[in-house]
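For reference, the structure discussed in these notes is given below.
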Amino acid sequence: MKLTKIFHSCILIEEKINSNTVKILIDPGTWMFSEKWAKPEDFSDVDIVLVTHEHQDHYDPKSLKVICSNN
């Protein structure tokens, strides 16, 4: 299992299962995109997005639409 802190509250978990890698993105908030730490398009290959609560630093509806539209 690989854990990567992206910015502030955002964490990417990657787990290799057989020959596939499952990616879980936790709390992709507005700050990480406004501060240019990442772009929503960078996460087009995630399998699951988990939002713990609706504060701006954990939740960005506009970016979630982009992330989820690629799956």
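Brief remarks follow.
- Within this structure, Trp37 fails the test of being at pLDDT below 95, part of a helix (DSSP H, G or I) and hydrophobic (A, V, I, L, M, F, W, C).
- Residue in region 50-57 that is buried (at least 16 other Cβ atoms within 10 Å of the Cβ), free of Cβ contacts under 8 Å to residues at least 24 places away in the same chain and among the β-branched types (Val, Ile, Thr) present: no
- In region 1-13, the residues that are surrounded by fewer than 17 Cβ atoms within 10 Å (Cβ to Cβ) and modelled with pLDDT under 95: His8
- Per this entry, Lys16 is not counted among residues that are assigned to a loop (DSSP other than H, G, I, E, B) and either loosely packed, with under 11 Cβ neighbours inside 10 Å or modelled with pLDDT of 95 or more (or both).
- Yes/no for Ser34 being loosely packed, with under 10 Cβ neighbours inside 10 Å and of a type outside the set (Phe, Trp, Tyr): no
- Test: residue in region 46-53 that is of a type in the set (A, V, I, L, M, F, W, C), assigned to a helix (DSSP H, G or I) and touching a strand residue (DSSP E or B) at 6+ places or on another chain (Cβ under 8 Å): no
- Against the test of being charged (D, E, K, R) and at pLDDT 95 or above, the options Asp57, Asp27 yield a single qualifying residue, Asp27.
The values are calculated or read from the model by the stated rules, or taken from the named source; none is laboratory data. Model, not experiment: these values are computed from the prediction. Note that each Cβ is placed from the backbone with ideal geometry, even for glycine, and that neighbours are counted across all protein chains shown.
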